Amino acid sequence: MQLPEPPQLSAPEALNLFEAYGLLLGARLAPADQVGEQLQRLLALPMAHLQALTQGAAQGVPPGLSTSLSAEMVRQLRCAREVEAAHHISAVALTSKGFVDVGVNDEGSHMLRDAFSRATQAVIASMSVFGESAEVRAKCSMLLHRMIETLGVELLGVLSSALPQLLGAADARELVELVTLVNQLVLKFKSSILAPVTVLFCPLSTTVFAHLGALDAAIASSSSASVGATGPASEPVRERRNLLRCFYSLLHSLVHSDLADVLAAPQNSAHAAPSLRALLAGCIEGPDMQLQRQCFAITQRLVELWVGTVPGFDTYVLHEVLPVCFQAPAQPHFMLKDAAALPLLEASAQLQKAILAKLGNELLSYLRDRLLPSLGCEATFCTEYVRRVAEGDVHQLRDFIRDALVRR
């Protein structure tokens with residue numbers, strides 16, 4: 001009697017099966033060495049297919065078919081390979097859902113981590129062939145996000161080789177995902193990953209500023225697009241805001257995780273000035289005043305860390321940083337009746353007090369004799385403002401600024 005053929009699973013069914021197997025193995029219902037062996041055997045299936053696809057795609061059209069296939073058939077073959085590659089990457093990512101926080105010292109953890117490490121490296125290797133496919137890049141990004149919990153700090157070694165390939169073809173949305181990925185690593189491991197994050201920041205920031213430049217050009221060429229508009233935003237404006245919001249979040253995590261040295265590192269010196277310009281622009285631009293407040297908080301932390309230690313930064317603070325405290329509430333979108341307005345003024349006051357703590361009388365004389373008069377302030381107001389900065393606390397300075405805005 002002939003046995004029936006096993007049922008053929010659809011792609012979604014196969015992925016569900018990988019996820020279920022992963023959850024069962026991750027539950028550690030068997031001894032650790034058996035779980036490790038089963039995991040390695042499970043992941044070997046999609047990885048063998050992915051490697052074969054990668055080799056086949058690298059070789060191009062089979063020699064015997066190169067003359068008989070039309071351009072459309074070649075395109076379809078390439079698309080079919082890309083879809084299949086994305087499927088196998090998804091299988092690894094879904095399997096990993098059962099393995100969270102695989103500790104280095106856990107029993108049998110070396111087998112688990114080794115299995116996922118080798119699978120992730122195979123996925124990264126496939127990007128040399130499939131990197132132009134948005135679907136494959138998306139699945140690779142999904143896997144890397146999963147590996148934060150599974151591989152932990154070991155992911156940084158893999159990411160250093162993967163990031164340039166992923167960034168090369170990334171659109172604005174994909175770039176946001178990659179910045180978020182690095183941000184999650186920063187938040188999880190903080191100062192212990194100073195060296196690898198310093199290396200990652202260079203290609204990441206280069207790509208961010210390139211995308212921002214392209215988006216700014218697109219916005220400038222559109223008569224209806226406006227960066228600071230409070231009405232419906234165009235697609236380039238929305239992409240720009242999302243990318244900046246994500247980049248600011250990374251900067252915030254760096255400076256509050258003892259990783260500000262990433263920004264000051266010699267290999268990132270070319271990106272320090274653009275990062276600061278973007279940050280100060282974020283203190284001013286609207287309409288999101290909560291995001292402005294975050295930019296003020298980042299700037300304040302840099303003042304606390306860099307004044308007196310980074311050459312030239314003291315002067316930069318007076319000439320470039322301090323003016324944003326007065327430019328922010330002067331923007332058309334700033335309305336005192338907005339619930340976010342008073343916290344923003346408080347963030348501005350905190351920044352000024354932080355500068356005072358670092359520069360003392362140098363700040364006070366600059367405010368009284370140069371900056372405030374340049375804004376058209378009368379001498380009596382300049383004197384009173386400087387007194388409030390010097391003697392008042394943050395809340396008193398905030399309220400003084402608010403009252404001045406009410407009277408203007």
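Computed from the coordinates by the stated procedures, all read-outs in this text should not be read as laboratory data. Computed from a predicted structure; not experimentally measured. Positions of Cβ are backbone-derived with ideal geometry, glycine not excepted, and every protein chain shown enters the neighbour counts.
Model label sites at residue 281 and residue 48, defined 7 Å from Cα along the beta-carbon direction, differ in position by 5.2 nm. Placing unit charges on each Cβ (+1 for Lys and Arg, -1 for Asp and Glu) gives the chain a dipole about its Cα centre, and among 263, 147, 35 the Cα reaching farthest toward its positive end belongs to 263. Annotation: extensible slack from residue 83 through residue 184 equals 33.5 nm (criterion: 0.36 nm per residue apart, minus Cα-Cα distance).
Put a dot 7 Å past the Cα of residue 273, heading toward its Cβ, do the same for residue 330, and the two dots end up 2.4 nm apart. Sequentially through the range 188-201, phi angles give Karplus couplings (6.51, -1.76, 1.60; θ = phi - 60°) of 7, 10, 6, 5, 5, 10, 4, 4, x, 5, 4, 6, 5, 5 Hz, Gly and Pro residues having no value and appearing as x.
Cα gyration tensor of the range 278-391, axes a ≥ b ≥ c as square roots of the eigenvalues: rounded (a/c below 1.5), prolate (a/b > b/c) or oblate? Cα axes put the range 278-391 in the oblate bin.
At a Förster distance of 56 Å, what's the computed FRET efficiency of residue 341 paired with residue 100, Cβ-Cβ distance as r, to 0.05?
Numbers: r = 41 Å, r/R0 = 0.74.
Once rounded, the FRET efficiency stands at 0.85.
Extension gain for residue 206-residue 387 works out to 60.9 nm (0.36 nm per residue, less the C-alpha to C-alpha distance). Estimated purely from DSSP H runs of n ≥ 4, each contributing -39500 (n - 2.57), the mean residue ellipticity at 222 nm for the chain is -23000 deg cm²/dmol once divided by its residues. Computed extension length for residue 217-residue 242: 7.4 nm, one decimal, from 0.36 nm per residue of separation with the Cα-Cα distance subtracted. Taken along the Cα-to-beta-carbon direction at a fixed 7 Å, the label points for residue 406 and residue 370 span 3.3 nm.
In the set (1) 45, 24, 19; (2) 35, 27, 20; (3) 52, 25, 18, which value of semi-axes √(5λ) of the Cα gyration tensor in Å was calculated from the structure you see? Derived directly from the coordinates: (3).
At R0 = 25 Å, how high is the FRET efficiency between residue 135 and residue 38 if r is their beta carbon distance? Nearest 0.05 is fine.
Values: r = 29 Å, r/R0 = 1.16.
Given R0 = 25 Å and the Cβ-Cβ separation, E is 0.30.
Sequentially through the range 376-381, phi angles give Karplus couplings (6.51, -1.76, 1.60; θ = phi - 60°) of x, 7, 6, 4, 5, 5 Hz, Gly and Pro residues having no value and appearing as x.
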